[in-house]
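Quick one: the structure is below, and I'll ask about it shortly.
The values are calculated or read from the model by the stated rules, or taken from the named source; none is laboratory data. This one's a predicted model, so the numbers in the text were calculated from it and none came from an experiment. As a convention, Cβ positions derive from the backbone with ideal geometry for all residues, glycine included, and neighbour counts pool all protein chains shown.
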Amino acid sequence: MNVSIYSWAIDRVRENLLEENEVVLSTVPAEFDKSEKKEVKGVLIATNQKLIFSSNVIGKEYLEVMDYKSMTGITLESDGFRKKELHVMSGREKRIFDDIKEDKQLEKMLSGVRKQISLARSGGGTTQAPVVPQTDKYQQLEQLAKLKGQGILTEEEFQSEKSKVLAQ
């Protein structure tokens with residue numbers, strides 16, 4: 001994913017929508033099919049608490065928040081071309097995200113979202129994010145490096161978070 005193109009959406013979500021112990025697990029550029037004739041380009045952001053679609057095209061912001069507890073499933077379908085569609089089901093409602101490039105980032109997101117849905121539906125709740133101590137920059141940097149090493153943070157996300165810690 002070209003993080004620079006969607007960094008505004010990821011930063012906006014981190015600043016305004018994330019709970020105290022919530023972290024971004026993965027991000028994937030996508031297009032949301034709001035209706036038969038209306039599509040919105042943006043980014044899907046999977047956290048350990050919810051799946052978020054965020055967009056800001058030509059000054060029009062759009063946000064779709066999907067809680068894992070209300071989700072009944074997520075599937076990957078072919079769109080008939082070289083890209084994929086992600087179908088997110090919540091009860092009788094189905095949200096379709098398309099123009100998704102199939103790569104390791106998509107596989108990571110799909111696997112993570114399925115795990116979170118399963119945990120939420122089993123009554124176990126979603127996984128808790130590791131708590132990063134706020135007092136010691138070196139401990140925060142070490143924790144970020146661990147998250148990157150575990151594949152939770154991409155290199156771009158790691159660099160962004162590292163810059164924030166060092167700026168404190």
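Tell me which of these W8 doesn't satisfy, since it passes every other one: (1) modelled with pLDDT of 75 or more; (2) farther than 25 Å from D79 by Cα; (3) surrounded by fewer than 16 Cβ atoms within 10 Å (Cβ to Cβ); (4) of a type outside the set (S, T, N, Q).
Only one criterion in (1) modelled with pLDDT of 75 or more; (2) farther than 25 Å from D79 by Cα; (3) surrounded by fewer than 16 Cβ atoms within 10 Å (Cβ to Cβ); (4) of a type outside the set (S, T, N, Q) is unmet by W8, namely (1).
Quick check: is even one residue across the stretch 62-71 outside the structural domain of E155 (by TED's automatic domain parsing), in contact with a strand residue (DSSP E or B) (Cβ under 7 Å, 6 or more places away or on another chain) and basic (K, R)?
Looking through the stretch 62-71, none of the residues is outside the structural domain of E155 (by TED's automatic domain parsing), in contact with a strand residue (DSSP E or B) (Cβ under 7 Å, 6 or more places away or on another chain) and basic (K, R).
Restricted to the stretch 44-84, and to residues that are surrounded by fewer than 16 Cβ atoms within 10 Å (Cβ to Cβ) and polar (S, T, N, Q), which residue is modelled with the lowest pLDDT?
S78
Condition first: in a strand (DSSP E or B) and among the β-branched types (V, I, T). Now tell me which residues in the stretch 71-84 satisfy that.
Residues of the stretch 71-84 that are in a strand (DSSP E or B), as a first pass: 73-78, 84.
Answer for the stretch 71-84, where residues must be in a strand (DSSP E or B) and among the β-branched types (V, I, T): I74, T75.
List every residue pair whose Cβ atoms lie under 9 Å apart, where the two residues are 6 or more positions apart in sequence or sit on different chains, the first residue falls within the stretch 85-102 and is in the same structural domain as T72 (by TED's automatic domain parsing) and part of a loop (DSSP other than H, G, I, E, B), and the second residue, located anywhere, is among the polar types (S, T, N, Q) and surrounded by fewer than 18 Cβ atoms within 10 Å (Cβ to Cβ).
G91/S70; G91/T72
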